[in-house]
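Written out below as structure tokens is the structure these notes cover.
The values are calculated or read from the model by the stated rules, or taken from the named source; none is laboratory data. Remember, it's a predicted structure, so these values are computed and weren't measured experimentally. Note that we place each Cβ from the backbone using ideal geometry, even for glycine, and neighbour counts take in every protein chain shown.
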Amino acid sequence: MTSTFVRSCAAALFLVAVATGCAERPAPAEKPVPAEVTDADRALLRHTEQLLVERCMTERGFSYRVGPRPTPDESFTVGYLLSDVGWARKHGYGSRIKARVLEARKDDPNQRYQDGLPPDRRDAYLTALGGGPKARHLSVRVPGGGTISRSLGGCEETAMNRLYGDPATWFRVSKIATNLTPLYVAELSRAPEFTGAQRAWATCLRAAGLDHPTPAALKDALPVATAGLTEAEAFATEVRFATAEAECARSSGFARTGSALVRRAVDGLRGAYGAELDAYARLEHAALDRARALT
């Protein structure tokens with residue numbers, strides 16, 4: 001489950017699928033357009049990967065426990081602009097979901113199991129899980145600067161190989177495809193279409209009794225608005241803020257405009273990153289087919 005309030009990426013997360021190049025787009029008539037990959041789909045991939053790690057660790061003589069699969073509501077990503085009215089009315093910005101997740105992490109059975117092993121067995125556990133000192137090092141330079149690295153081996157590599165094919169290829173194309181926003185977000189957020197749609201959204205919001213120029217400003221105002229309230233009162237206020245944001249995102253056209261601008265920006269980068277975007281979409285859809293068969 002992810003519930004992140006994105007500040008620095010402006011319009012970058014109207015739709016995660018659009019930002020990563022996986023939303024529907026025109027395609028040659030002979031090739032069907034792949035379905036959009038949803039937050040719930042990506043939660044299924046993460047869950048399936050953990051199930052494969054669990055299976056592998058059991059085969060190697062260790063305990064490894066995977067929690068329940070997140071529900072679609074728990075998998076939902078808020079992003080910069082919340083536009084799902086039904087989810088907002090039920091969950092606000094997801095504070096209660098986030099609190100449940102954080103509480104569950106306080107008592108991680110895998111950490112307890114690892115801590116209870118004798119030193120030599122603990123080393124063997126970590127080697128079985130992540131490859132230990134012999135794990136290979138993966139590194140990729142991402143668009144906009146910077147490098148993302150990880151070590152990969154053991155059951156974690158086995159699980160990724162089963163789900164995505166070559167883990168190194170998946171790591172490279174996924175990190176590139178999901179880190180394109182620095183290349184266009186500043187220009188996009190200054191585009192007349194974007195600023196005009198955001199003004200229309202703010203006008204709608206004022207009619208709902210909330211005077212904030214941007215979705216980020218609205219979310220930033222929530223802690224002040226809920227200070228001193230009971231948990232129930234604070235959550236009711238959160239729901240009111242989130243619902244107004246989502247309703248105005250729809251009625252003002254801000255969500256639609258933002259999605260179109262992100263799609264256009266990503267399309268403009270296909271000359272440089274088209275191969276990675278296509279590979280990412282292809283591997284992700286193939287992994288989803290495997291995950292559905294496995295679960």
Quick one: would you say Asp123 is in contact with a Gly (Cβ under 9 Å, 6 or more places away or on another chain), loosely packed, with under 14 Cβ neighbours inside 10 Å, in a helix (DSSP H, G or I) and modelled with pLDDT of 95 or more? yes
List the residue pairs whose Cβ atoms are under 8 Å apart, where the first residue sits in region 270-291 and is touching a residue at least 60 places away in the same chain (Cβ under 8 Å) and within 20 Å of Pro182 (Cα to Cα), the second is part of a helix (DSSP H, G or I) and among the charged types (D, E, K, R), and the two are 6 or more positions apart or on different chains. Glu276/Arg172; Leu277/Arg270
In region 173-195, which residues are touching a residue at least 24 places away in the same chain (Cβ under 8 Å) and either farther than 30 Å from Tyr280 by Cβ or hydroxyl-bearing (Ser, Thr, Tyr) (or both)? Ser174, Thr178, Thr181, Tyr184, Ser189
Pairs only if they're at least six apart or on different chains, beta carbon under 6 angstrom, first in region 86-104 and part of a helix (DSSP H, G or I), second of a type in the set (Val, Ile, Thr) and surrounded by 12 or more Cβ atoms within 10 Å (Cβ to Cβ); list them, first residue then second. Ala88/Thr243; Arg89/Thr243
Test: residue in region 126-138 that is part of a helix (DSSP H, G or I) and either among the aromatic types (Phe, Trp, Tyr) or in contact (Cβ under 8 Å) with a residue 40 or more places away in the chain (or both): yes
List, please: which pairs have Cβ atoms under 8 Å, are six or more places apart or on different chains, and start with a residue in region 141-164 that is more than 19 Å from Arg292 (Cα to Cα) and end with one that is assigned to a loop (DSSP other than H, G, I, E, B) and among the polar types (S, T, N, Q)? Val142/Asn179; Pro143/Asn179; Gly144/Asn179; Ile148/Asn179
Pro143 of a type outside the set (Asp, Glu) and buried (at least 18 other Cβ atoms within 10 Å of the Cβ): yes
